[in-house]
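Data block below; observations after.
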Amino acid sequence: MMKRDACFRILARHVTDEVVVATYSSAVDWLAQGERTLNYFSIGAMGLDSSHALGLALGRPDRRIICLQGDGSFLMNLGCLVTIAAAAPKNLVHFVVQNGTYEANGGHPIPNTGADFATMARAAGYAHVYDFADLANFEQQAAHVVHQQGPVFATLHVERGGPLTYDYPKLYDAARRAALKKELGRR
Amino acid sequence: MVEGLDADLVADAPDPIVLAGAPIIAAIKAAGVEYILSVPDIVTSRGLLRPIANDPAFKLIRVCKEDECIGIACGLSYCNKRALALIQHTGFLDSINAIRGVAVEYGQPICMMIGLLQHDPYTAPRNSPRYGVRIVEPILDAMGIPHHLINEDADVARIRPAIDDAYANSHPVALLVGRRPS
């Protein structure tokens with residue numbers, strides 16, 4: 001079992017001009033890796049992170065889009081697995097951070113903590129699917145996963161994290177959205 | 001008449017007033033919409049979705065549930081790409097939280113063309129005997145979302161300015177389709 005922040009530290013070493021879509025605990029831990037204009041946190045409704053990521057991937061096929069989605073969010077928008085597989089964006093990498101917990105909503109368990117998300121993604125039709133529970137293995141393959149032709153799906157099995165501070169006004173700041181829009185609208 | 005797998009299984013009721021599909025599609029194109037995001041709706045199935053699916057000018061993304069449209073359209077708007085969610089009013093109702101968060105609170109240009117399922121086009125939607133139809137406009141009003149009824153050919157002129165305004169001023173808009181386009 002891994003820790004989310006450790007996974008993200010590894011991931012950050014391979015992220016340059018990619019857009020990173022993240023929400024809730026994943027957004028907090030990703031932001032801890034450093035401020036960047038190309039972070040996209042304003043999802044607006046739980047579960048829609050993967051849909052926003054798909055829109056970005058379709059709109060900017062020249063850029064890679066990385067979605068860092070929690071398992072609670074993932075379960076709220078399972079249909080998007082099929083939608084993404086059908087749209088088949090080559091530039092989309094979809095991580096699901098599986099800790100079995102609605103961490104931002106009181107730490108309650110998801111309905112089935114043992115659900116096999118990688119198998120779901122494979123069955124939906126993702127081009128490449130991974131399932132990581134060992135940090136050394138993830139470290140070894142992270143660059144390949146991030147840069148592979150997609151759509152790519154990877155489950156990161158992590159421990160439930162410690163208490164986090166959710167600074168939603170900062171995450172969802174309108175200035176952050178405006179800066180991202182300006183950057184992405186530029187060709 | 002389309003037959004086989006492409007045939008609509010629900011027949012149009014006889015209706016002397018015409019709402020043609022082709023001018024609606026032309027208006028959507030004229031508004032610069034490139035992406036159509038859709039869950040099928042029987043009101044707009046034959047007259048809009050089917051021709052759109054065969055029109056190379058559009059990129060049709062078939063989604064599993066209507067709230068996906070809201071996130072996808074938002075992501076596209078960050079890339080200066082225009083999209084239209086072509087959905088049924090039941091899907092609109094199912095997507096209220098996504099519309100609340102993304103379209104209204106974040107002020108994003110989410111454009112929705114909403115078929116009013118089982119609506120009597122000779123009745124104003126807010127007076128519809130169908131509860132689900134009756135509540136659509138009051139909900140849009142409560143959320144501060146501009147809306148336009150596309151009920152006959154003369155209404156089609158409202159489509160392009162509504163979409164242009166949504167993108168120019170970054171706000172959502174709803175285009176309510178009151179009868180089946182031919």
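Would you be able to say whether some residue in the range B:97-107 is more than 7 Å from every other protein chain (Cβ to nearest Cβ) and among the polar types (S, T, N, Q)? Looking for residues that are more than 7 Å from every other protein chain (Cβ to nearest Cβ) and among the polar types (S, T, N, Q), one finds none in the range B:97-107, hence no. Any idea which residue in the range B:43-69 is surrounded by the most Cβ atoms within 10 Å (Cβ to Cβ), counting only those that are facing chain A (nearest Cβ under 7 Å) and of a type in the set (A, V, I, L, M)? Here the residue is B:Val63. Of the residues A:Leu92, A:Leu56, the single one that is surrounded by 24 or more Cβ atoms within 10 Å (Cβ to Cβ), over 11 Å from the mean Cα position of the chain (by Cα) and either more than 10 Å from chain B (Cβ to nearest Cβ) or modelled with pLDDT of 95 or more (or both) is A:Leu56. Every test in (1) closer than 13 Å to B:Tyr78 by Cβ; (2) surrounded by fewer than 24 Cβ atoms within 10 Å (Cβ to Cβ); (3) aliphatic (A, V, I, L, M); (4) within 9 Å of chain B (Cβ to nearest Cβ) is passed by A:Met46 save one, and that test is (1). Please work out which one of (1) more than 14 Å from every other protein chain (Cβ to nearest Cβ); (2) buried (at least 17 other Cβ atoms within 10 Å of the Cβ); (3) farther than 30 Å from B:Gly107 by Cα is the condition A:Ala124 fails and give its number. Looking at each condition in turn, A:Ala124 falls short on (1).
For the range A:71-80, indicate whether the set of residues that are part of a helix (DSSP H, G or I), polar (S, T, N, Q) and buried (at least 24 other Cβ atoms within 10 Å of the Cβ) is non-empty. Yes. Within the range A:26-40, if we keep just the residues that are touching a strand residue (DSSP E or B) at 6+ places or on another chain (Cβ under 6 Å) and touching a residue at least 60 places away in the same chain (Cβ under 8 Å), the residue that is farthest from the other protein chains (Cβ to nearest Cβ) turns out to be A:Ser26. Sub-8 Å Cβ pairs linking a first residue in the range B:30-59 that is at positive phi to a second residue that is hydrophobic (A, V, I, L, M, F, W, C), at least 6 apart or interchain, are B:Gly32/B:Ile163, ordered by first then second residue.
Restricting attention to the range B:67-94, the residues that are free of Cβ contacts under 8 Å to residues at least 40 places away in the same chain and touching a Leu at 6+ places or on another chain (Cβ under 9 Å) add up to 10. Among the residues of the range B:22-34, those that are surrounded by fewer than 22 Cβ atoms within 10 Å (Cβ to Cβ) and either within 11 Å of the chain's Cα centre (by Cα) or outside any helix (DSSP H, G or I) (or both) comprise B:Ala31, B:Gly32, B:Glu34. If you go through the range A:40-62 and pick out every residue that is closer than 19 Å to B:Lys81 by Cα and either assigned to a strand (DSSP E or B) or touching a helix residue (DSSP H, G or I) at 6+ places or on another chain (Cβ under 8 Å) (or both), you end up with 16. Only one entry in A:Gln140, A:Gln149 is in a helix (DSSP H, G or I) and out of contact with any Pro (no Cβ under 8 Å at 6 or more places or on another chain), namely A:Gln140.
The values are calculated or read from the model by the stated rules, or taken from the named source; none is laboratory data. This one's a predicted model, so the numbers in the text were calculated from it and none came from an experiment. Heads up, the Cβs are rebuilt from the backbone with ideal geometry, glycines too, and the neighbour counts pull from every protein chain shown.
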